[in-house]
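Visitor: Okay, handing you the structure first.
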Amino acid sequence: MKKIEAIIRVTQFEAVRDALAAIGVQFFTLKEVRGYGLQKGQRLMYRGANHGADFIARLQMDIVAESGMVEGIVKAIESAGKTGKIGDGKIFVFDIETAIRIRTGERNEEAV
Ligand SMILES: Nc1ncnc2c1ncn2[C@@H]1O[C@H](COP(=O)(O)OP(=O)(O)OP(=O)(O)O)[C@@H](O)[C@H]1O
Ligand SMILES: [Mg+2]
């Protein structure tokens, strides 16, 4: 099993959600996160003033899936999340040691 963490633009969320649904992935955890990086510096300088916000609102989607699904999930997020402009975000893939469905006690692939 793998965990896919994707940091995406808020504007791309619906497209990414629909691209995932199209490949049968209708489970994820959505987090509102604060992204820090070069873009904020460029944006604040462009505006010529610091308005007190030194981060950019982003969404993080966390998906745990069997390893065989990872390539399709990553491709769906990459294509639907891409605008081609600086700051489209990142995708990270982790190994998952154990997954447990609390209701049934099922483990690992049976639990996701
Ligand atoms: N190395 C990282 N570790 C954790 N989060 C990151 C990392 N890089 C980017 N992020 C998250 O992704 C958001 C968007 O990153 P961004 O797309 O600007 O990455 P980038 O590498 O600078 O690519 P680009 O050249 O397209 O700007 C950041 O605001 C931050 O939330
Ligand atoms: Mg950047």
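Visitor: Go ahead and estimate [θ] at 222 nm for the chain from helices alone: -39,500 (n - 2.57) per DSSP H run with n ≥ 4, summed, over the residue count, rounded to 500. It would help to have the intermediate numbers written out before the result.
Guide: On the way: 3 runs with 32 residues, N = 112.
Roughly -8500 deg cm²/dmol at 222 nm, from the helical runs in the chain.
Visitor: How long is the gain from I102 to Y36 if the chain were fully straight, where each residue apart is worth 0.36 nm and the alpha carbon distance is subtracted?
Guide: 20.3 nm
Visitor: So what is the relative contact order of the chain, in percent, for Cα pairs below 8 Å that sit 6 or more residues apart?
Guide: Relative CO of the chain lands at 44 percent.
Visitor: Quick check: with the 1.4 Å probe, what order do M1, M69, M61 take by accessible area, largest first? If you can, show how the numbers build up before the last one.
Guide: On the way: M1 25, M69 60, M61 0 Å².
Order by accessible area, largest first: M69, M1, M61.
Visitor: Sum up the charges of everything whose Cβ sits under 15 Å from the Cβ of V70, counting Lys and Arg as +1 and Asp and Glu as -1, but leave V70 out.
Guide: -4
Visitor: Could you give the longest part of the chain that holds none of the GluC sites (Glu not before Pro) found in DSSP loops with at most 16 neighbouring Cβ atoms within 10 Å? Kindly include the intermediate steps, with their values, before the conclusion.
Guide: Numbers: sites that count: E66, E97, E106.
Value returned for the longest uninterrupted segment is 1-65.
Visitor: Take the Cα coordinates of region 2-111, assign each an equal point scatterer, and use the Debye formula without solvent to give log10 I(q)/I(0) at q = 0.09, 0.16, 0.20 Å⁻¹.
Guide: -0.30, -0.77, -1.04
Visitor: Then there's this: What does the accessible area per residue of the chain come to in Å², with a 1.4 Å probe and no ligands, DNA or RNA counted?
Guide: So the chain comes to 67 Å² accessible per residue, rounded to a whole number.
The values are calculated or read from the model by the stated rules, or taken from the named source; none is laboratory data. Quick caveat, the model's predicted, so the values are computed rather than measured. Positions of Cβ are backbone-derived with ideal geometry, glycine not excepted, and every protein chain shown enters the neighbour counts. When the accessible area is computed, the model is the full protein with side chains, heavy atoms only, and any ligands, DNA or RNA have been set aside. Shrake-Rupley method; radii C 1.70, N 1.55, O 1.52, S 1.80 Å.
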